[in-house]
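Trainee: Shown below is the structure under consideration.
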Amino acid sequence: MSPEGRDLSYLIDMLKYSREVTDLISKENRISFQNNRVKRLALERLLEIIGKTANNVSKEK
């Protein structure tokens, strides 16, 4: 796969996980979210995946 193809794949993955973050946090208020350890851990993991994926995107030349 070309570098551009890999970058596109990474960006699509980041968008997919970002939508999961939105779905996860949009259905609860702040207090109930803070009290839900499982959802907080899920959010942390999703953000970690997004960050690791972002590190794989080619640097601008």
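Trainee: Can ASP23 be described as in a helix (DSSP H, G or I), at negative phi and loosely packed, with under 11 Cβ neighbours inside 10 Å?
Mentor: yes
Trainee: Can you go through TYR17, TYR10 and tell me which one is assigned to a helix (DSSP H, G or I) and in contact with a Leu (Cβ under 6 Å, 6 or more places away or on another chain)?
Mentor: TYR17
Trainee: Using beta carbons and a limit of 8 Å, which pairs, at least six apart or on different chains, have the first residue in region 29-50 and outside any loop (DSSP other than H, G, I, E, B) and the second one of a type in the set (Gly, Ala, Ser)?
Mentor: Correct list of pairs: ILE50/SER18.
Trainee: Starting from residues that are in contact (Cβ under 8 Å) with a residue 24 or more places away in the chain and assigned to a helix (DSSP H, G or I), keep the ones in region 51-61 and report whichever is surrounded by the most Cβ atoms within 10 Å (Cβ to Cβ).
Mentor: THR53
Each value in this text was obtained by applying a stated rule to the coordinates, not by laboratory testing. This one's a predicted model, so the numbers in the text were calculated from it and none came from an experiment. Note: ideal-geometry Cβ built from the backbone for every residue, glycine included; neighbour counts use all protein chains shown.
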